[in-house]
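Nothing in this text is a laboratory measurement; each read-out follows from the coordinates by a stated rule. Remember, it's a predicted structure, so these values are computed and weren't measured experimentally. Counting neighbours? That spans all protein chains shown, and the Cβs are built from the backbone with ideal geometry, glycine included.
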Amino acid sequence: MAMVLYFIFFGFILTAILGLLVSWLERKVTARLQYRVGPPLFQPFTDIVKLLGKELLIPRGVSKNTFLLAPIIGIVGAMVVSTLLFVVNMYPDKTFFGDLIVVLYFLVLPSLGVILGGFASNNPLASIGASREMKLVLAYELPFILAVLAVVIKSGLAIKFGDIIAYQSQNGMFIASWSGVISFIVILLCAQAKLGLVPFDVAEAETELAAGALIEYSGPALAIFKLTKAMLFFVLPFLMTILFFGGFSAAHLLKSLFGFIGIIVLIVVVKNTNPRLRIDQALRFFWGPVTVLAILAVILAIKGL
């Protein structure tokens, strides 16, 4: 019963609120950089509520069950990851063995939802967007997992969040080591792709594909997709804060808070200072220099650096 309450409150309600606030911050900063005023504080909340009140249109020829299930798959993945991260941050001594692996698996579900929804939409632009999303996932997952592996090795082969947090409380934050800095950069770039932000927004690419994989979605289904993306905007920096700054423990709460804010700032800066990459350029980027950096981080972690 307690886990159900955690799932509803921490995994959905709190994560949705914080995610929408972070997405507002990103839109506000982007607007200021472009000499615009930007949206008011509650605009992201208003957008979601308005979409929830609109009609859900289902085009002809779609795979109806898959079309409707796709957004649910994505938001459930984000909710599970967020719930686990909140629990391990509050009770690091009560985490279970392999919870890190569970988080890595469930973080794929939001992208999987976009892929399934795009292919089920019976729209050529949506299919192109879904195929690009699928290729992008195949590109960034390898360096992402290698960078996480560097953290695991550095913490003494710990695949349990509690052990990773405990190691950092005793030996210092991973971000203060060479392997930590490099793996942090790799995960930051992969997080940019997981969020579908420039320069890795090829699945949407509004100037080429309109709304890309989500072009046929409307009403509540589209609201769920947008809410999932906002939730990930909170969840991914939260995960990086645990992996590299030891989580939001009382011992170094201020440092972790600055780290969390710094991650969001870096994501916004990358989004606003880079052009969109083509899908072939994104593939070469992740399988080339980013993977090399991830392997270097693993080697340095093995050396204890």
Options [x] 19.0, 59; [y] 21.4, 68; [z] 18.9, 55 for Rg and Dmax of the Cα atoms in Å; the value derived from the coordinates is listed as [x]
Inter-label distance, nm, simple model (7 Å from Cα along the C-beta direction), Gln170/Val269 | 3.4 nm
For Lys54, Lys135, Lys194, order by how many other beta-carbon atoms lie within 10 Å, fewest first | Lys54, Lys135, Lys194
With Phe233 itself left out, Lys, Arg at +1 and Asp, Glu at -1 over residues whose Cβ is under 12 Å from its Cβ give +4
Folded to 0 to 90 degrees: helix 291-302 orientation relative to the chain principal axis, Cα = 20 degrees
Here the relative contact order (percent) of the chain, from C-alpha pairs under 8 Å and at least 6 apart, is 27 percent
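What ranking do Ser169, Ser249 get, fewest neighbouring Cβ atoms within 10 angstrom at the top?
By the 10 Å Cβ count, ascending, the order reads Ser169, Ser249.
Please sort 16-23, 252-259, 65-72 by packing, taking for each peptide the average over its residues of neighbouring beta carbons within 10 angstrom, highest first.
Ranking, from highest mean packing down: 16-23, 65-72, 252-259.
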Relative to the longest principal axis of the chain, what angle (0 to 90°, nearest 10) does the C-alpha long axis of helix 161-171 take?
-> 40 degrees
